[in-house]
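Taking it in order: structure first as structure tokens, then the write-up.
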Amino acid sequence: MTITKSAMVTIAGRPNVGKSTLTNALAGEKIAIVSNKPQTTRNRILSILSTDAAQMVFLDTPGLHKPQDKLGEHMVQAAVNAIKEVDVVLFVVDASEKRGKGEQVILERLKEECKAPVILGLNKIDQISNKESLLPIIAHFQKEYPFRSILTLSALADEDDGLDAARHHIVGKALNF
């Protein structure tokens, strides 16, 4: 296998939006711990996907949140550092939950700290029965930030449910092809 290109992709978002599950799905193996408990991921976790075309390093980050203690401050700083020097940021939002202030705070952080293209990933669409309800969510986020693209996905879906297409899309955006 001759790999000619490589890129780093940070997966960022609020706690419990499915970042670790998505990291595992994109890399094709279980690397990150997955739990319903918030702040299970406390440091950046690296996973690598190697294909014939490229090698992608996915950085799973702690959830961006309002820290209550020193550990929380460390976790938020690890996530912020991970968005500063990568090729692409995948901002993951739980599409099955109502939007809150947390997403707005993250968007402001992305505007301040991020120089890379940002892809919005609306995750957990498998939990939404009316897919048309995604349209106002997409419209809201498009007004708030100039996303390079927007994906609707489910980290729990199998390859036939669009996860493979999402992986190829992210790789393509990261490598500019």
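Surface calculation, 1.4 Å probe, protein heavy atoms: Ser96 sits at approximately 50 Å² accessible. Simple spin-label estimate for Glu108 and Ala53 gives 3.8 nm between the two label positions (7 Å along the Cα-to-Cβ direction from each Cα).
Sorting 15-27, 113-125 by average packing, meaning the other beta carbons within 10 Å per residue, from highest down gives 15-27, 113-125. Note that the stretch 139-155 has calculated 3J(HN,Hα) couplings of 4, 4, 5, 5, 6, 8, 7, x, 5, 5, 6, 10, 10, 10, 7, 9, 5 Hz, one per residue in order, obtained from phi through the Karplus relation 6.51 cos²θ - 1.76 cosθ + 1.60 (θ = phi - 60°); glycine and proline are x. In this view, the solvent-accessible surface of Glu29, computed with a 1.4 Å probe and all protein chains in place, comes to about 100 Å². The stretch between Leu135 and Lys101, if pulled fully straight at 0.36 nm per residue, gains 10.3 nm over its current Cα-Cα span.
The values are calculated or read from the model by the stated rules, or taken from the named source; none is laboratory data. A quick note: this is a predicted structure, and the numbers were derived from the prediction, not measured. Heads up, the Cβs are rebuilt from the backbone with ideal geometry, glycines too, and the neighbour counts pull from every protein chain shown. Protein only, heavy atoms only, side chains kept; ligands, DNA and RNA dropped before computing areas. Shrake-Rupley method; radii C 1.70, N 1.55, O 1.52, S 1.80 Å.
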